[in-house]
Each structure stands twice: as C-alpha cells, then as structure tokens.
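What follows is a set of notes on a single structure, which appears directly below.
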C-alpha cells in the first residue's frame, strides 16, 4: 500500500516539476537578469550610475540594482545613500524605497507598485556630505493581478502539494492507529 502512495506522490511531484519548467520566466521572482530587464547609465553629479530594473509582474514590484562609481576615478562608492522614488501617472500615489548595499558601490531595492497603471521612477543618489543628485529612472506599466496567470499557477501548485501532504498524513495516522489496535488485540488475547 505504501508503495502505491509513494508512487502517486512521486508522480505528482514530477508533474509539478514539468509545470514549473514550462512556466514563463517572469514567474520566477528571484530572476533578476532576464529579457524584461532595463538598463541605463547616467551621470549624477560626481557619480556615474548604472541601473538595472527588472519588473516582477506577479508581485506588482520592480527590483533595482544600482551601481554607483566615482566619475573621475571609476572606483565604487560604498557609502552613498540610494533611494528609489515612484509616482503613478494617473493619480497622486507615490512611494519610495531605500536601497540596501549588497557590495562595494552596489545597491539593491525592491519597489512595490500596488495599483495598476503607469508608474514613473526617479533615483536619488546622496553623497555622505548630504548633497543629492537625481537620476531619471524608468516608466513601468503595472498590470492588474487578474491579468497575470503566473500567480494562479503558483497557487495551484502549492495547493496540490499541500493536499497531497495532508492526504499522506491522514493515511499514515490511520495506518498507525490500525497497527496499534491490532497489536493491542493480539496482546490481549
């Protein structure tokens, strides 16, 4: 009996792995570099700023990787303060995110854009002395979650895995109860 259940769970796992292989690349939230990635280089005061921005449609977010270098020497600037500002074109919604340093002169931020519509971004590079320099960012068209099938695939996959796990646990508990009942009957006789 256990072999049949193990085979069924293995088959479900293989099917889920197959679904994961054919899903579009944009469904993977950790995929930073991909076909939708936008790149730009800009001069911001004494700095050269390289920006990579990757939209994550299923999370209604955008990941930013910002590299800040001294324009004169080309060396990384490890102590800059990088902030990503967002504003929605069709309303007065605005937000920001402070980028965290992830390496010498490299900063990372994920910006949530909750409502559908076109969003503009501007990066603000602040040097340790307090002077800041804006860098025009990108324009992102955020789609509503209902128009995003990847989120549905993830939900279905997680639901199937949870249901299979729950079924296995119920089967295992009942089997153990039967075995205990059989042992107690055999010792009582």
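The values are calculated or read from the model by the stated rules, or taken from the named source; none is laboratory data. Owing to the predicted nature of the structure, the values given are computational and were not obtained by experimental measurement. Don't worry about glycine lacking a Cβ; one is built from the backbone with ideal geometry, like all the others, and counts go over all protein chains shown.
Among the residues of region 77-103, which ones are closer than 20 Å to residue 44 by Cα, loosely packed, with under 13 Cβ neighbours inside 10 Å and touching a strand residue (DSSP E or B) at 6+ places or on another chain (Cβ under 6 Å)?
Within region 77-103, 98, 100 qualify.
Exactly one of (1) touching a strand residue (DSSP E or B) at 6+ places or on another chain (Cβ under 9 Å); (2) modelled with pLDDT of 90 or more is unmet by residue 113. Its number?
Only one criterion in (1) touching a strand residue (DSSP E or B) at 6+ places or on another chain (Cβ under 9 Å); (2) modelled with pLDDT of 90 or more is unmet by residue 113, namely (2).
Could you check region 140-186 and list, in sequence order, the residues that are closer than 30 Å to residue 89 by Cβ and modelled with pLDDT of 90 or more?
none
Looking only at region 127-138, which residues are at pLDDT 80 or above and either under 22 Å from residue 60 (Cα atoms) or part of a loop (DSSP other than H, G, I, E, B) (or both)?
At the first step, the residues of region 127-138 found to be at pLDDT 80 or above are 127, 130-136.
Selection gives 127, 130, 131, 136.
Taking region 57-98, which residues are in a strand (DSSP E or B), free of Cβ contacts under 8 Å to residues at least 40 places away in the same chain, within 24 Å of the chain's Cα centre (by Cα) and over 12 Å from residue 123 (Cβ atoms)?
Hits for region 57-98 are 87, 88, 94, 95.
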